[in-house]
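Note sheet for the following structure.
The values are calculated or read from the model by the stated rules, or taken from the named source; none is laboratory data. Small disclaimer: the values here were computed from a predicted structure and weren't measured. Reconstructed Cβ throughout: ideal geometry from the backbone, glycine too, with neighbour counts over all protein chains shown. Side chains included, ligands, DNA and RNA excluded: accessible areas come from the protein's heavy atoms. Shrake-Rupley method; radii C 1.70, N 1.55, O 1.52, S 1.80 Å.
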Amino acid sequence: MSLTRIQNLSISLDGFATGEPQSLEAPFGHAGMRLHQWMMATRFWDPAGSDGVDNAMAQRHEHGIGAEIMGANKFGPPGWQDDADWRGWWGDNPPFHTPTFVLTHRPRPPMEMEGGTTFHFLDATPAEALAVAREAAGDLDVRIGGGPTVARDFLAAGLVDHVHLVQVPIVLGRGVRLWDGLEGIEEGYAVETVSSPSGVTHLTFTRRESGAEGA
């Protein structure tokens, strides 16, 4: 069976995965691009970038992905549902190149883009959305692309097999926090950490097999 994965989700030292307020001019609110500078400095993002642990971890973002699920706030700024011409942040050729399912209480018809991305708009629970995405992904994995509210909802529902988080050494103080309501969730995962010379820490959570907790 395919896996459900969260990849390259950056969080601050105080657990925020985005700042506030989100707007057309500030997609990540007061955080700006500070949570993502580690990735933008790698060869994964920029051919002239670094080729080290950060690049190796970033490269896993696209490997084996057959579909993506994202929240309404990742697809657009507040109020995008009222703009019939809004087609996402990424231009005519979004970087997903797979069926991409946007969770929204106001669905619209599918939107086919260049490069293999088709946006589908669903009003669905995490379990319902994952079933649809798995059907589209075939034997490949489903990526939970964020934002943090969607990631948290899928984690709370016990639907995520693998998580890659990047803890960035900044304090945001406000925004949307990933861990709220997820007390003790680490008990269901094997957790590994890798520190990078860039100052970030990569944390990977791999779901434990049943009965492995006492191993």
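Using the heavy atoms of the protein chains and a 1.4 angstrom probe, tell me the accessible area per residue for the chain in square angstrom. Please report the intermediate quantities before stating the final value.
Details: 10800 Å² over 215 residues.
Dividing the accessible area of the chain by its residue count gives 50 Å².
Could you give the length gained on full extension between Leu13 and Ala26, defined as 0.36 nm per residue of separation minus the Cα-Cα distance, in nm? Mind showing how you got there, number by number?
On the way: separation 13, 0.36 × 13 = 4.68 nm, distance 2.09 nm.
Taking 0.36 nm per residue and subtracting the Cα distance, the gain is 2.6 nm.
Contact order normalised by length for the chain, with contacts defined as Cα pairs under 8 Å and 6 or more residues apart; what percent is it?
Working: 428 pairs, mean separation 62.2, N = 215.
After rounding, I find 29 percent.
Just need the relative contact order of the range 106-215 here, percent rounded to a whole number, with Cα pairs under 8 Å and 6+ apart.
On the way: 111 pairs, mean separation 22.1, N = 110.
Here the relative contact order equals 20 percent.
By per-residue mean of other Cβ atoms within 10 Å, what is the highest-first order of 55-65, 177-187? Don't jump to the answer; show the numbers that get you there.
Values: 55-65: 16.7, 177-187: 13.4.
With the highest mean Cβ count within 10 Å placed first, the list reads 55-65, 177-187.
Please list, ordered by chain and number, the residues whose modelled amide H lies under 5 Å from the amide H of Arg143; skip anything fewer than 5 residues away on the same chain.
So Arg143 has HN proximity to Arg5, Gly66, Ala67, Glu68, Ile69.
To the nearest 10 square angstrom, how much accessible area does Asp82 have with a 1.4 angstrom probe?
110
Once a ≥ b ≥ c are taken as the square roots of the eigenvalues of the Cα gyration tensor of the range 1-147, is the result rounded (a/c under 1.5), prolate (a/b larger than b/c) or oblate (a/b not larger than b/c)? Walk me through the intermediate numbers first.
On the way: a/c = 1.59, a/b = 1.17, b/c = 1.36.
In terms of gyration-tensor shape, oblate.
Ranked highest first by average number of other Cβ atoms within 10 Å, how do 29-39, 110-120, 66-76 line up?
Details: 29-39: 17.8, 110-120: 15.3, 66-76: 21.9.
Highest mean packing first, the order is 66-76, 29-39, 110-120.
Convert each backbone phi in the range 88-97 into a coupling constant with the Karplus relation 6.51 cos²θ - 1.76 cosθ + 1.60 (shift: θ = phi - 60°), then list the ³J(HN,Hα) values in order as whole Hz, x for Gly and Pro.
x, 7, 9, x, 6, 10, x, x, 8, 6
Could you tell me what percent of the accessible area of the chain is made up of carbon and sulfur, with a 1.4 Å probe and every protein chain present?
Answer for the chain is 52 percent, counting heavy atoms of protein chains only.
Based on the inverse mean of 1/r over its pairs of different Cα atoms, what is the Kirkwood hydrodynamic radius of the range 38-116, in Å? Intermediate results must be reported in sequence, preceding the final value.
On the way: mean 1/r = 0.0693 Å⁻¹.
It works out to 14.4 Å.
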